[in-house]
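**Q** Next up is a structure, given as structure tokens.
The values are calculated or read from the model by the stated rules, or taken from the named source; none is laboratory data. In this text, all values refer to a predicted model and were calculated from it rather than measured experimentally. Don't worry about glycine lacking a Cβ; one is built from the backbone with ideal geometry, like all the others, and counts go over all protein chains shown. All accessible areas refer to the heavy atoms of the entire protein, side chains included, with ligands and DNA or RNA removed. Shrake-Rupley method; radii C 1.70, N 1.55, O 1.52, S 1.80 Å.
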Amino acid sequence: MKSFREAITLNIPKRRAYINITPKVEECLKKSGVKEGLCLVNAMHITASVYINDNEPGLLQDYDDWLEKLAPHEPISQYRHNGYEDNGDAHLKRQIMGREVVVAITNGKLDFGPWEQIFYGEFDGKREKRILVKIIGE
Amino acid sequence: MKSFREAITLNIPKRRAYINITPKVEECLKKSGVKEGLCLVNAMHITASVYINDNEPGLLQDYDDWLEKLAPHEPISQYRHNGYEDNGDAHLKRQIMGREVVVAITNGKLDFGPWEQIFYGEFDGKREKRILVKIIGE
Amino acid sequence: MKSFREAITLNIPKRRAYINITPKVEECLKKSGVKEGLCLVNAMHITASVYINDNEPGLLQDYDDWLEKLAPHEPISQYRHNGYEDNGDAHLKRQIMGREVVVAITNGKLDFGPWEQIFYGEFDGKREKRILVKIIGE
């Protein structure tokens, strides 16, 4: 069994953003040399998500509007977590969108359906954050 | 390490439905010959979910009502994604229910708790969709 | 390839609670002897979650308030699932928080970001529940 590990570092200049990281994960897969196996991609921070969906700008805005409705950033006093912080909403938004994805590796490729792309969802940016890629297989 | 891959094809005649796919996944596991390992089951389409919960008709209706409340289909103009499409809500509902499940394989069986069943949640049906089953182990 | 399986049993004396199970998962990892691989941790019951987020009491209360807003326990008659049961809300809350986490194992450790902790989210307690830890790797 082979294993591979890399941390991707991002620094998003605004609070929230949705970034297509598929090319970065594909680079990791190539480096790993794994042909059959599983690829785990997870946010290493708890106010961010890794999820799979469409790379369509309208949808990214829909996600942002919807998450703000389900877990609004303001007033920040509505969250008990916000004693010394202002990111209570980010911990909630991240649960909706998820922490991680597990993607099948088949014939040395990410085994995707027609529109699947891996996104990093940032809900408390303006600082360095890491995404873990862990690959196991043969 | 063994690996196994199969795509299950479904064509749901209505927009939304919740289908128990556990028997199909069990068939895949049998074919794979894997006794100890992990089984990934994911929707290959981004307006559908694979999730684990109860096979109880009342609950399936509760999920549908609840998802319609959290991300209503209509008016379709509320979603920017709906320029040429009408499935903006489906991309949101799928995030609540999730893309994938990872199930332990122990002694050649899906290592389930008492009521766990694998479901395919369709949120934009009336077309052919695929579900990926990827199994690795020994 | 090595594999390891253990079920952790909990009995939460109240309906809802959020319990840090990281030390229990770390014990499993030590017993497994796996240095490189993947660790699956999932609720074996369908009214409970395993998720990763912050071990901060204010946040745990925020999660509880928020989940009650998105899927209130009462009136129990609002859920069709509640014919003979009163836990319809618990099946919904569990979908928001998720069933499982998959954690990378690197150098014999759970490969965590700075604040990641594994939690068991109970939404229908006062009875014995199990959490599955399955580890594969080398």
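**Q** Is it the case that C:D89 is open to solvent by less than 10 Å² (accessible area, probe 1.4 Å) and touching a Pro at 6+ places or on another chain (Cβ under 7 Å)?
**A** Taking the combined requirement at face value, the residue satisfies it.
**Q** Show the residue pairs that are 6+ apart or on different chains and have beta-carbon atoms under 9 Å apart, the first residue being within region C:9-36 and under 25 Å from A:E138 (Cβ atoms), the second being among the aliphatic types (A, V, I, L, M) and assigned to a loop (DSSP other than H, G, I, E, B).
**A** What qualifies is C:E36/A:M1.
**Q** Return yes or no: is B:R94 surrounded by 23 or more Cβ atoms within 10 Å (Cβ to Cβ), more than 9 Å from chain C (Cβ to nearest Cβ) and either over 17 Å from the mean Cα position of the chain (by Cα) or not polar (S, T, N, Q) (or both)?
**A** Yes: the conditions hold for B:R94.
**Q** Out of the residues in region B:75-91 that are among the polar types (S, T, N, Q) and within 9 Å of chain A (Cβ to nearest Cβ), state the one that is farthest from B:G37 (Cα to Cα).
**A** B:Q78
**Q** Sort out which residues of region C:97-126 are within 11 Å of another protein chain (Cβ to nearest Cβ), part of a loop (DSSP other than H, G, I, E, B) and over 21 Å from C:K31 (Cα atoms), and write them in order of number.
**A** C:G98, C:R99, C:G113, C:P114, C:W115, C:E116
**Q** Is it the case that some residue within region A:49-59 is at pLDDT 95 or above, assigned to a strand (DSSP E or B) and small (G, A, S)?
**A** Within region A:49-59 (the criterion being at pLDDT 95 or above, assigned to a strand (DSSP E or B) and small (G, A, S)), the answer is yes, since at least one residue qualifies.
**Q** Next question. I'd like to check something: does region A:29-43 contain any residue that is farther than 30 Å from B:F4 by Cβ and either touching a Leu at 6+ places or on another chain (Cβ under 6 Å) or of a type in the set (S, T, N, Q) (or both)?
**A** Checked region A:29-43: no residue is farther than 30 Å from B:F4 by Cβ and either touching a Leu at 6+ places or on another chain (Cβ under 6 Å) or of a type in the set (S, T, N, Q) (or both).
**Q** Further, regarding this structure: What are the residues in region B:13-45 that are open to solvent by less than 10 Å² (accessible area, probe 1.4 Å) and within 11 Å of chain A (Cβ to nearest Cβ), if any?
**A** Hits for region B:13-45 are B:G37, B:L38, B:C39, B:L40, B:V41, B:N42, B:A43, B:M44.
**Q** If you scan region B:1-21, which residues turn out to be more than 30 Å from A:G108 (Cβ to Cβ), of a type in the set (V, I, T) and under 12 Å from the mean Cα position of the chain (by Cα)?
**A** B:I19
**Q** Looking at A:N53 and the list (1) buried (at least 23 other Cβ atoms within 10 Å of the Cβ); (2) under 28 Å from C:L60 (Cβ atoms); (3) of a type outside the set (A, V, I, L, M), which single condition is not satisfied?
**A** (2)
**Q** With β-branched (V, I, T) and closer than 20 Å to A:N53 by Cβ as the only criterion, which of B:V25, B:V41 stands out?
**A** Result: B:V41 is the single residue among B:V25, B:V41 that is β-branched (V, I, T) and closer than 20 Å to A:N53 by Cβ.
**Q** Determine whether B:Y84 is of a type in the set (S, T, Y) and crowded, with 22+ Cβ neighbours inside 10 Å.
**A** Taking the combined requirement at face value, the residue does not satisfy it.
**Q** Looking only at residues that are within 11 Å of chain B (Cβ to nearest Cβ) and out of contact with any helix residue (DSSP H, G or I) (no Cβ under 6 Å at 6 or more places or on another chain) in region C:1-12, which one is nearest to C:D89 (Cα to Cα)?
**A** Within region C:1-12, the match that is nearest to C:D89 (Cα to Cα) is C:A7.
**Q** Also, I was wondering about something else. Could you grab me the full set of residues in region C:104-133 that are over 22 Å from C:E36 (Cα atoms), open to solvent by 10 Å² or more (accessible area, probe 1.4 Å) and not acidic (D, E)?
**A** C:K126, C:R127, C:R130
**Q** Next question, about the same structure. Can you name every residue in region C:46-73 that is more than 14 Å from chain B (Cβ to nearest Cβ), touching a residue at least 40 places away in the same chain (Cβ under 8 Å) and of a type outside the set (A, V, I, L, M)?
**A** C:N53, C:D54, C:N55, C:Y63, C:D64
**Q** Report, by residue number, each residue of region A:62-80 that is in a loop (DSSP other than H, G, I, E, B) and open to solvent by 10 Å² or more (accessible area, probe 1.4 Å).
**A** A:P72, A:H73, A:E74, A:P75, A:Y79, A:R80
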